[in-house]
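The values are calculated or read from the model by the stated rules, or taken from the named source; none is laboratory data. Keep in mind it's a predicted model, so treat the numbers as computed, not measured. We place every Cβ from the backbone using ideal geometry, glycine too, and count neighbours over all the protein chains shown. Quick note on the areas: whole protein, heavy atoms, side chains included, nothing else; ligands and nucleic acids left out. Shrake-Rupley method; radii C 1.70, N 1.55, O 1.52, S 1.80 Å.
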There are 2 protein chains.
Amino acid sequence: MVKSSTGALDRTFGALADPTRRGIVATLATGPRTVGALADPLPMSLVAVSKHIGVLERAGVVTRTRVGRTQVCRLRPDALRAAAGWLDAYREFWTVQLDSLEHHLREQV
Amino acid sequence: MVKSSTGALDRTFGALADPTRRGIVATLATGPRTVGALADPLPMSLVAVSKHIGVLERAGVVTRTRVGRTQVCRLRPDALRAAAGWLDAYREFWTVQLDSLEHHLREQV
DNA sequence: GCTACTCTTAACCATGTGGTTAAGAGTAGC
DNA sequence: GCTACTCTTAACCACATGGTTAAGAGTAGC
């Protein structure tokens, strides 16, 4: 089925739903890397890593720029910030709301 | 291919990668709802909503408990907190790191 | 220009998502 | 017990993900 409203948050959360891609994000947070440098420690082919980077790129989490014959990846903060912003709206829930859940459970006894 | 290490974060971020499910989370943040109440305003079948809830449930974001002949859904904060915690590690990046990126770009001129 | 290096594209396969309809399982209430 | 209500399971379809290998595109450097 065709996905009608594939928004930015969809792609961002989707991109983070994989340990390999979260690892790439963690690495890039320490500085830019080439595709090869990112792929080197990973237990999969370069092609697979390139495709993971493609998912991160489409999600706006990463940019690729050609430098000589290498492709340098950098982290873009915007998408990650948006995802964190969405979750922030529920920060209140898992602090305040926990108390009222506890309260509710006590009432059930 | 079989997914070997499908961790909790994988499922949590994956669950949030859909606007319908994020909407369900937003609704449940205001209080528990039955499956029917969640499905009512949504432009899709009850079955589709039930499957979305299944994804949220497997991700640990939501619990379902039978009450009479209805099924009541509640938000569980743990999974969301873990996802927000992961993103928090990069909060520094999109504030501090932005300055050094700017600095880097100026150096390139 | 030839070769080597780096990476992407193409083709393929298995699985999960995202939806449908149809049928089944539990519970409420007369 | 029968019926109505609420929800899940089963079967199906189309598409994206997550991996593979093989082949192609750009660039560097002799």
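The number of residues in the range B:45-54 that are surrounded by fewer than 13 Cβ atoms within 10 Å (Cβ to Cβ) and β-branched (Val, Ile, Thr) comes to 1.
One line per residue, one yes/no per condition, for (1) open to solvent by 20 Å² or more (accessible area, probe 1.4 Å); (2) within 8 Å of DNA strand C (Cβ to nearest atom); (3) at negative phi:
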| position | (1), (2), (3) |
| --- | --- |
| A:PHE13 | no, no, yes |
| A:PRO19 | yes, no, yes |
| A:THR34 | yes, yes, yes |
| A:PRO43 | yes, no, yes |
| A:ARG64 | yes, yes, yes |
| A:VAL67 | yes, no, yes |
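Of the helices (runs of 4 or more DSSP H) lying entirely inside the range B:1-98, those containing at least 2 residues that are at the interface with chain A (Cβ under 7 Å from one of its Cβ atoms) and in contact with a Gly (Cβ under 9 Å, 6 or more places away or on another chain) span B:8-16.
Residues checked against (1) open to solvent by less than 50 Å² (accessible area, probe 1.4 Å); (2) closer than 16 Å to B:ALA17 by Cα; (3) at pLDDT 95 or above:
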residue: A:LEU16; (1), (2), (3): yes, yes, yes
residue: A:GLY31; (1), (2), (3): yes, no, no
residue: A:LEU38; (1), (2), (3): yes, no, yes
residue: A:LEU56; (1), (2), (3): yes, yes, yes
residue: A:ARG81; (1), (2), (3): no, yes, no
residue: A:GLU92; (1), (2), (3): no, no, no
residue: A:VAL96; (1), (2), (3): no, no, no
residue: A:HIS104; (1), (2), (3): no, no, no
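For the residues B:ASP88, B:ASP40, B:ASP10, the requirement of being closer than 21 Å to A:ALA15 by Cβ, free of Cβ contacts under 8 Å to residues at least 40 places away in the same chain and within 13 Å of DNA strand D (Cβ to nearest atom) singles out B:ASP10.
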